[in-house]
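Quick notes on the structure that follows.
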């Protein structure tokens with residue numbers, strides 16, 4: 001499928017810079033509605049990470065998913081044509097990072113620069129052609145009457161937009177947490193870490209509101225400076241460490257404010273936060289900041305302990321049956337050591353890359369081998 005990325009790559013540097021001048025990076029959490037049908041189309045996007053579902057409203061039924069877009073694909077073309085309103089809705093199926101473009105500014109740029117105008121129009125026309133073909137096939141799959149050769153799945157007859165739910169922190173966190181108070185002494189902190197085999201302790205006050213975290217790193221300066229008296233220059237360079245070396249209570253040793261996460265956050269969000277902050281575990285708190293659990297790096301890896309049978313069942317239910325409701329029986333799903341293989345023939349070749357992407361997104365899948373082929377037409 002053609003995308004706006006191909007324009008950026010093929011453009012002269014000056015033209016590329018002119019188009020990118022009207023873009024900014026944005027994020028949409030899983031489940032966020034990016035735009036609704038009949039709303040004014042004021043932006044368009046190039047997806048850099050995640051997937052977006054395009055859907056239409058059917059009276060008396062749930063929103064019906066028409067297409068799913070992923071990396072490098074253009075989201076939105078209604079901004080080019082009057083009355084510039086969306087013909088479909090769009091929702092982030094997973095956390096999305098995208099380049100957002102100001103539609104009015106790009107329209108003006110296309111009018112003023114014929115080279116950019118031709119490039120954009122050509123690419124969008126190609127996207128429209130591919131998207132309409134995919135939509136036609138998808139609608140036939142969803143609403144065509146079932147045949148004896150290809151019976152419709154009863155599940156999808158009732159719910160054509162069934163999706164899998166990403167694992168959240170609540171699914172993997174440890175709920176029995178050892179916490180301390182601000183007045184907990186140094187030796188008690190060290191003893192708690194040793195007894196419970198943890199490297200950090202949340203510090204709470206009142207009804208359990210997290211106010212900081214004490215880690216092994218916060219305690220080490222006392223040992224480091226035990227028989228070493230730093231000079232003035234070293235003290236100036238390491239004010240925080242020298243202060244902790246002379247502290248005896250959690251309130252003076254802890255790192256504050258604590259870096260925390262909510263129970264409904266996804267596992268990738270927690271992994272990125274740990275990597276960005278260089279920490280090994282996160283206190284899990286509710287909207288009021290009250291401690292609900294703790295999640296470690298090891299907890300995030302629990303999804304990879306899911307059985308191959310469990311993974312295969314989810315892939316078949318949330319990916320294969322959802323994308324290919326009439327031809328899913330012709331698709332074989334196998335999983336070995338977390339590596340998923342999709343094999344068989346399907347009616348719509350344009351959905352094959354989407355099936356591979358969505359299988360990759362199933363929590364616990366290590367890799368995907370896609371051997372799907374399009375059915376030959378008579």
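The values are calculated or read from the model by the stated rules, or taken from the named source; none is laboratory data. Predicted, not measured: the structure shown is a model, and the values here were computed from it. FYI the Cβ positions are ideal-geometry reconstructions off the backbone, even for glycines, and counts take in every protein chain you see.
Would you mind finding the one in 178, 169 that is modelled with pLDDT of 85 or more and crowded, with 16+ Cβ neighbours inside 10 Å?
The unique qualifying residue is 169.
Working only within region 342-377, note down all residues that are touching a strand residue (DSSP E or B) at 6+ places or on another chain (Cβ under 6 Å), under 27 Å from residue 171 (Cβ atoms) and at pLDDT below 85.
Scanning region 342-377 gives a single hit, 354.
Would you mind stating whether residue 73 is closer than 26 Å to residue 18 by Cβ and out of contact with any helix residue (DSSP H, G or I) (no Cβ under 9 Å at 6 or more places or on another chain)?
Here the answer is no, as residue 73 does not meet what is asked.
If a residue must be in contact with a helix residue (DSSP H, G or I) (Cβ under 8 Å, 6 or more places away or on another chain) and free of Cβ contacts under 8 Å to residues at least 40 places away in the same chain, how many such residues does region 343-365 contain?
4
Output the number of the condition that residue 290 fails; it satisfies all remaining conditions of (1) touching a strand residue (DSSP E or B) at 6+ places or on another chain (Cβ under 6 Å); (2) crowded, with 18+ Cβ neighbours inside 10 Å; (3) at pLDDT 90 or above.
Going through (1) touching a strand residue (DSSP E or B) at 6+ places or on another chain (Cβ under 6 Å); (2) crowded, with 18+ Cβ neighbours inside 10 Å; (3) at pLDDT 90 or above one by one, residue 290 breaks only (2).
Residue check, residue 54 against (1) under 27 Å from residue 168 (Cβ atoms); (2) surrounded by fewer than 16 Cβ atoms within 10 Å (Cβ to Cβ), all met but one. Which one?
Result: residue 54 passes all but (2).
Which residue, of 340, 374, is surrounded by fewer than 16 Cβ atoms within 10 Å (Cβ to Cβ), within 29 Å of residue 63 (Cβ to Cβ) and touching a helix residue (DSSP H, G or I) at 6+ places or on another chain (Cβ under 8 Å)?
So the residue among 340, 374 that is surrounded by fewer than 16 Cβ atoms within 10 Å (Cβ to Cβ), within 29 Å of residue 63 (Cβ to Cβ) and touching a helix residue (DSSP H, G or I) at 6+ places or on another chain (Cβ under 8 Å) is 374.
Here are the criteria: (1) touching a helix residue (DSSP H, G or I) at 6+ places or on another chain (Cβ under 9 Å); (2) closer than 29 Å to residue 304 by Cα; (3) at pLDDT 50 or above; (4) surrounded by fewer than 16 Cβ atoms within 10 Å (Cβ to Cβ). Tell me which single one residue 194 does not satisfy.
Of (1) touching a helix residue (DSSP H, G or I) at 6+ places or on another chain (Cβ under 9 Å); (2) closer than 29 Å to residue 304 by Cα; (3) at pLDDT 50 or above; (4) surrounded by fewer than 16 Cβ atoms within 10 Å (Cβ to Cβ), only one is false for residue 194: (1).
Just one of (1) at pLDDT below 90; (2) more than 31 Å from the chain's Cα centre (by Cα) trips up residue 189, so point out which.
Failed condition: (1).
Kindly establish whether residue 335 is modelled with pLDDT of 90 or more, at negative phi and either outside any helix (DSSP H, G or I) or surrounded by 17 or more Cβ atoms within 10 Å (Cβ to Cβ) (or both).
yes
Please state which one of 303, 362 is outside any strand (DSSP E or B) and either over 17 Å from the mean Cα position of the chain (by Cα) or buried (at least 20 other Cβ atoms within 10 Å of the Cβ) (or both).
The conditions single out 362.
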